[in-house]
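Right, one structure below, let's go through it.
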Amino acid sequence: MFVLKILIADDEMPARDELKYILSFSSDIEIVGEASDASQVIEQAVKLKPDLIFLDINMRGMNGLEAAHIIHTVVPKAMVVFATAYDEYALKAFEMGAIDYVLKPFDEDRIYKTIERIKKYQVKDKTEVFAGLDNSLGHTVLPVNKLPVEKDGRIIMISYDEILYAYACSGTARIVTDGEEINYHGSLAELEERLKATYFLRVHKSYLVNMDKVQEVIPWFKGTYWLKLKSGKKNEIPVSKSQIKKIKMILGLK
(Lines give C-alpha, C1' and ligand atoms only; values in the text may rest on other atoms or scores of the structure.)
Protein backbone atom coordinates (compact mmCIF):
# COMPACT_ATOMS: atom_id res chain seq x y z
CA MET A 1 0.00 0.00 0.00
CA PHE A 2 1.32 3.42 -0.97
CA VAL A 3 1.63 5.76 2.03
CA LEU A 4 1.43 9.49 1.36
CA LYS A 5 4.10 11.34 3.35
CA ILE A 6 2.81 14.73 4.49
CA LEU A 7 4.53 17.78 5.97
CA ILE A 8 2.36 20.44 7.68
CA ALA A 9 3.47 24.08 7.82
CA ASP A 10 1.55 26.73 9.73
CA ASP A 11 2.70 29.39 12.18
CA GLU A 12 -0.27 28.61 14.47
CA MET A 13 -0.05 25.40 16.49
CA PRO A 14 -3.86 24.92 16.81
CA ALA A 15 -4.13 24.88 13.01
CA ARG A 16 -1.35 22.28 12.76
CA ASP A 17 -2.95 20.16 15.48
CA GLU A 18 -6.37 20.35 13.80
CA LEU A 19 -4.98 19.19 10.47
CA LYS A 20 -2.98 16.39 12.08
CA TYR A 21 -6.12 15.18 13.88
CA ILE A 22 -8.16 15.09 10.67
CA LEU A 23 -5.44 13.24 8.78
CA SER A 24 -4.79 10.76 11.60
CA PHE A 25 -7.84 8.68 10.65
CA SER A 26 -6.35 7.60 7.32
CA SER A 27 -4.10 4.54 7.35
CA ASP A 28 -2.38 5.48 4.07
CA ILE A 29 -1.12 8.84 5.35
CA GLU A 30 2.02 9.49 7.40
CA ILE A 31 2.65 12.90 8.99
CA VAL A 32 6.44 13.07 8.67
CA GLY A 33 6.91 16.52 10.18
CA GLU A 34 5.63 20.01 10.89
CA ALA A 35 7.00 23.52 10.64
CA SER A 36 6.06 26.89 12.09
CA ASP A 37 7.64 29.24 9.55
CA ALA A 38 8.88 29.37 5.96
CA SER A 39 12.56 28.72 6.71
CA GLN A 40 11.67 25.69 8.79
CA VAL A 41 9.35 24.19 6.17
CA ILE A 42 12.03 24.58 3.47
CA GLU A 43 14.58 22.86 5.72
CA GLN A 44 12.12 20.09 6.65
CA ALA A 45 11.17 19.56 3.00
CA VAL A 46 14.81 18.99 2.05
CA LYS A 47 15.40 16.65 4.98
CA LEU A 48 12.17 14.63 4.89
CA LYS A 49 11.33 14.59 1.14
CA PRO A 50 7.53 14.62 1.67
CA ASP A 51 5.08 13.76 -1.09
CA LEU A 52 2.75 16.56 -0.04
CA ILE A 53 3.03 19.79 1.97
CA PHE A 54 0.07 21.59 3.50
CA LEU A 55 1.43 25.13 3.45
CA ASP A 56 -0.13 28.13 5.17
CA ILE A 57 -0.03 31.19 2.91
CA ASN A 58 -0.17 33.94 5.51
CA MET A 59 2.85 33.10 7.68
CA ARG A 60 5.03 35.63 9.44
CA GLY A 61 8.16 36.66 7.57
CA MET A 62 8.45 34.98 4.18
CA ASN A 63 4.93 33.99 3.10
CA GLY A 64 3.81 30.59 1.86
CA LEU A 65 3.76 31.64 -1.80
CA GLU A 66 7.44 32.58 -1.70
CA ALA A 67 8.27 29.44 0.28
CA ALA A 68 6.46 27.29 -2.30
CA HIS A 69 8.64 28.69 -5.07
CA ILE A 70 11.83 27.80 -3.17
CA ILE A 71 10.49 24.35 -2.27
CA HIS A 72 9.79 23.69 -5.94
CA THR A 73 13.43 24.57 -6.66
CA VAL A 74 15.04 22.42 -3.96
CA VAL A 75 12.48 19.57 -3.68
CA PRO A 76 10.81 19.50 -7.11
CA LYS A 77 8.80 16.30 -6.48
CA ALA A 78 6.96 17.65 -3.44
CA MET A 79 3.37 18.76 -4.10
CA VAL A 80 1.93 21.75 -2.27
CA VAL A 81 -1.59 22.42 -1.04
CA PHE A 82 -2.07 25.97 0.20
CA ALA A 83 -4.04 26.62 3.38
CA THR A 84 -5.55 29.99 4.22
CA ALA A 85 -8.29 31.66 6.22
CA TYR A 86 -8.96 34.21 3.48
CA ASP A 87 -10.84 33.63 0.22
CA GLU A 88 -8.74 36.16 -1.69
CA TYR A 89 -5.59 34.14 -0.97
CA ALA A 90 -7.35 30.98 -2.09
CA LEU A 91 -8.20 32.65 -5.37
CA LYS A 92 -4.56 33.69 -5.78
CA ALA A 93 -3.50 30.08 -5.15
CA PHE A 94 -5.71 28.84 -7.98
CA GLU A 95 -4.48 31.62 -10.28
CA MET A 96 -0.98 30.32 -9.59
CA GLY A 97 -1.99 26.81 -10.64
CA ALA A 98 -1.91 25.33 -7.15
CA ILE A 99 -2.46 21.57 -6.74
CA ASP A 100 -5.30 22.60 -4.42
CA TYR A 101 -6.16 24.92 -1.55
CA VAL A 102 -8.12 24.48 1.67
CA LEU A 103 -9.79 27.12 3.79
CA LYS A 104 -9.59 27.47 7.57
CA PRO A 105 -11.20 26.31 9.73
CA PHE A 106 -10.55 22.97 8.06
CA ASP A 107 -13.45 20.85 6.86
CA GLU A 108 -12.81 17.10 7.17
CA ASP A 109 -14.63 16.16 3.96
CA ARG A 110 -12.81 18.87 2.01
CA ILE A 111 -9.44 17.68 3.29
CA TYR A 112 -10.09 14.10 2.20
CA LYS A 113 -11.31 15.21 -1.22
CA THR A 114 -7.98 17.01 -1.57
CA ILE A 115 -6.08 13.87 -0.57
CA GLU A 116 -7.96 11.79 -3.13
CA ARG A 117 -7.14 14.36 -5.84
CA ILE A 118 -3.46 14.23 -4.88
CA LYS A 119 -3.33 10.45 -5.17
CA LYS A 120 -4.64 10.63 -8.73
CA TYR A 121 -2.09 13.17 -9.94
CA GLN A 122 0.36 12.01 -12.59
CA VAL A 123 3.83 13.39 -13.31
CA LYS A 124 2.48 15.39 -16.27
CA ASP A 125 -0.18 16.98 -14.07
CA LYS A 126 2.37 18.04 -11.48
CA THR A 127 4.65 19.50 -14.15
CA GLU A 128 1.83 21.65 -15.48
CA VAL A 129 0.91 22.81 -11.99
CA PHE A 130 4.44 23.82 -11.12
CA ALA A 131 4.76 25.64 -14.44
CA GLY A 132 1.72 27.68 -13.44
CA LEU A 133 3.31 28.42 -10.09
CA ASP A 134 6.56 29.57 -11.69
CA ASN A 135 4.82 31.69 -14.32
CA SER A 136 2.78 33.47 -11.67
CA LEU A 137 5.56 34.06 -9.17
CA GLY A 138 8.31 34.60 -11.68
CA HIS A 139 11.66 34.24 -9.98
CA THR A 140 10.85 35.52 -6.52
CA VAL A 141 13.19 38.13 -5.11
CA LEU A 142 13.24 37.75 -1.36
CA PRO A 143 13.05 40.80 0.91
CA VAL A 144 16.74 40.27 1.60
CA ASN A 145 19.34 39.51 -1.06
CA LYS A 146 19.99 35.91 -0.13
CA LEU A 147 20.06 32.62 -2.02
CA PRO A 148 18.79 29.29 -0.60
CA VAL A 149 21.30 26.45 -1.08
CA GLU A 150 21.68 22.96 0.37
CA LYS A 151 24.50 22.16 2.78
CA ASP A 152 24.75 18.94 4.81
CA GLY A 153 21.06 18.20 4.29
CA ARG A 154 19.98 21.65 5.44
CA ILE A 155 18.88 24.76 3.57
CA ILE A 156 21.08 27.74 4.37
CA MET A 157 20.74 31.29 3.08
CA ILE A 158 23.82 32.85 1.46
CA SER A 159 24.02 36.60 0.94
CA TYR A 160 24.58 37.57 -2.67
CA ASP A 161 27.59 39.56 -1.49
CA GLU A 162 29.28 36.35 -0.24
CA ILE A 163 29.19 34.73 -3.68
CA LEU A 164 32.27 35.13 -5.88
CA TYR A 165 30.99 33.15 -8.86
CA ALA A 166 29.07 30.04 -9.87
CA TYR A 167 29.92 27.44 -12.47
CA ALA A 168 28.09 24.70 -14.36
CA CYS A 169 28.61 21.17 -13.06
CA SER A 170 26.81 18.09 -14.48
CA GLY A 171 23.60 19.94 -15.27
CA THR A 172 23.48 21.84 -11.98
CA ALA A 173 25.43 24.79 -10.57
CA ARG A 174 28.08 25.13 -7.87
CA ILE A 175 28.18 28.30 -5.76
CA VAL A 176 31.69 29.49 -4.83
CA THR A 177 32.33 31.75 -1.85
CA ASP A 178 35.65 32.79 -0.36
CA GLY A 179 35.79 29.67 1.81
CA GLU A 180 33.71 26.90 0.23
CA GLU A 181 31.70 25.48 -2.66
CA ILE A 182 28.02 24.61 -2.25
CA ASN A 183 25.49 22.88 -4.51
CA TYR A 184 22.66 24.90 -6.03
CA HIS A 185 19.58 22.84 -6.96
CA GLY A 186 19.15 24.14 -10.46
CA SER A 187 21.06 24.85 -13.66
CA LEU A 188 23.41 27.77 -14.18
CA ALA A 189 20.80 29.29 -16.50
CA GLU A 190 18.18 29.09 -13.73
CA LEU A 191 20.59 30.69 -11.29
CA GLU A 192 21.36 33.42 -13.81
CA GLU A 193 17.64 34.17 -14.10
CA ARG A 194 17.30 34.21 -10.30
CA LEU A 195 20.14 36.73 -10.00
CA LYS A 196 19.17 39.01 -12.86
CA ALA A 197 19.01 42.73 -12.00
CA THR A 198 21.97 42.21 -9.64
CA TYR A 199 25.74 42.48 -10.08
CA PHE A 200 25.98 38.95 -11.50
CA LEU A 201 26.82 38.43 -15.17
CA ARG A 202 27.09 35.30 -17.33
CA VAL A 203 30.62 35.90 -18.65
CA HIS A 204 31.01 32.42 -20.14
CA LYS A 205 28.71 29.48 -20.91
CA SER A 206 30.06 27.81 -17.77
CA TYR A 207 30.54 30.79 -15.44
CA LEU A 208 28.36 33.36 -13.69
CA VAL A 209 30.41 36.05 -11.94
CA ASN A 210 29.70 38.60 -9.23
CA MET A 211 31.06 41.63 -11.09
CA ASP A 212 31.40 43.50 -7.80
CA LYS A 213 34.19 41.03 -6.92
CA VAL A 214 36.26 41.65 -10.07
CA GLN A 215 39.66 43.11 -9.22
CA GLU A 216 41.42 42.99 -12.58
CA VAL A 217 40.71 42.37 -16.28
CA ILE A 218 43.52 40.42 -17.94
CA PRO A 219 43.87 40.59 -21.77
CA TRP A 220 44.67 37.18 -23.27
CA PHE A 221 45.43 35.67 -26.66
CA LYS A 222 43.36 36.51 -29.77
CA GLY A 223 41.29 39.22 -28.13
CA THR A 224 40.06 37.12 -25.21
CA TYR A 225 40.07 38.14 -21.55
CA TRP A 226 40.17 36.70 -18.04
CA LEU A 227 38.59 38.25 -14.96
CA LYS A 228 40.65 38.18 -11.79
CA LEU A 229 38.57 38.15 -8.61
CA LYS A 230 39.46 39.59 -5.22
CA SER A 231 39.71 36.19 -3.55
CA GLY A 232 38.97 32.49 -3.91
CA LYS A 233 41.06 29.42 -4.79
CA LYS A 234 40.25 29.77 -8.48
CA ASN A 235 40.23 33.53 -8.89
CA GLU A 236 40.68 33.84 -12.65
CA ILE A 237 37.57 33.28 -14.77
CA PRO A 238 37.54 33.09 -18.61
CA VAL A 239 35.36 35.47 -20.63
CA SER A 240 33.54 34.38 -23.78
CA LYS A 241 34.22 36.45 -26.89
CA SER A 242 30.49 37.09 -27.17
CA GLN A 243 30.50 38.76 -23.75
CA ILE A 244 33.62 40.92 -24.10
CA LYS A 245 31.78 43.95 -25.50
CA LYS A 246 29.20 43.89 -22.70
CA ILE A 247 31.86 43.51 -20.00
CA LYS A 248 33.90 46.39 -21.40
CA MET A 249 30.81 48.55 -21.36
CA ILE A 250 29.93 47.57 -17.77
CA LEU A 251 33.47 48.17 -16.53
CA GLY A 252 33.99 51.33 -18.59
CA LEU A 253 36.81 49.87 -20.69
CA LYS A 254 37.66 50.94 -24.23
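The values are calculated or read from the model by the stated rules, or taken from the named source; none is laboratory data. Just so it is clear, the model here is predicted, and its values are computed rather than measured. All Cβ positions, glycine included, derive from the backbone under ideal geometry; neighbour counts span all protein chains shown.
Out of Lys196, Lys230, I need the residue that is surrounded by fewer than 15 Cβ atoms within 10 Å (Cβ to Cβ) and more than 26 Å from Val74 (Cβ to Cβ). Which one?
Lys230
Would you mind listing the strands (runs of 3 or more DSSP E) fully within the stretch 157-240 where at least 2 residues are under 21 Å from the mean Cα position of the chain (by Cα)?
163-169, 172-177, 181-184, 200-204, 207-210
When the residues of the stretch 173-199 are filtered to those that are modelled with pLDDT under 85, of a type outside the set (Gly, Ala, Ser) and in contact with a helix residue (DSSP H, G or I) (Cβ under 8 Å, 6 or more places away or on another chain), which remaining residue is farthest from Ile71 (Cα to Cα)?
Filtering the stretch 173-199 for residues that are modelled with pLDDT under 85, of a type outside the set (Gly, Ala, Ser) and in contact with a helix residue (DSSP H, G or I) (Cβ under 8 Å, 6 or more places away or on another chain), the one farthest from Ile71 (Cα to Cα) comes out as Tyr199.
Looking at (1) buried (at least 20 other Cβ atoms within 10 Å of the Cβ); (2) modelled with pLDDT under 80, which is the one condition that is false for Val75?
(2)
If you go through the stretch 200-254 one residue at a time, how many are modelled with pLDDT under 80 and closer than 19 Å to Ser159 by Cβ?
Number of matching residues: 3.
Starting from residues that are crowded, with 19+ Cβ neighbours inside 10 Å and not acidic (Asp, Glu), keep the ones in the stretch 34-45 and report whichever is nearest to Arg117 (Cα to Cα).
The selected residue is Ala45.
Between a residue in the stretch 234-254 that is in the same structural domain as Lys213 (by TED's automatic domain parsing) and any residue that is modelled with pLDDT under 75, which pairs come within a Cβ distance under 7 Å, given they are 6 or more apart or on different chains?
Lys241/Gly223
Just to be sure I understand the filter: pairs with C-beta atoms under 6 Å, separated by 6 or more residues or on different chains, first member in the stretch 64-87 and touching a residue at least 24 places away in the same chain (Cβ under 8 Å) and under 22 Å from Asp107 (Cβ atoms), second member among the small types (Gly, Ala, Ser) and not in a helix (DSSP H, G or I). Which pairs pass?
Going by the 6 Å Cβ cut-off, the qualifying pairs are Phe82/Ala98.
Can you tell me how many residues within the stretch 46-88 are part of a strand (DSSP E or B) and small (Gly, Ala, Ser)?
Summing the residues that are part of a strand (DSSP E or B) and small (Gly, Ala, Ser) in the stretch 46-88 gives 1.
Of the residues that make up the stretch 23-35, is at least one touching a strand residue (DSSP E or B) at 6+ places or on another chain (Cβ under 8 Å), hydroxyl-bearing (Ser, Thr, Tyr) and modelled with pLDDT under 85?
Checked the stretch 23-35: no residue is touching a strand residue (DSSP E or B) at 6+ places or on another chain (Cβ under 8 Å), hydroxyl-bearing (Ser, Thr, Tyr) and modelled with pLDDT under 85.
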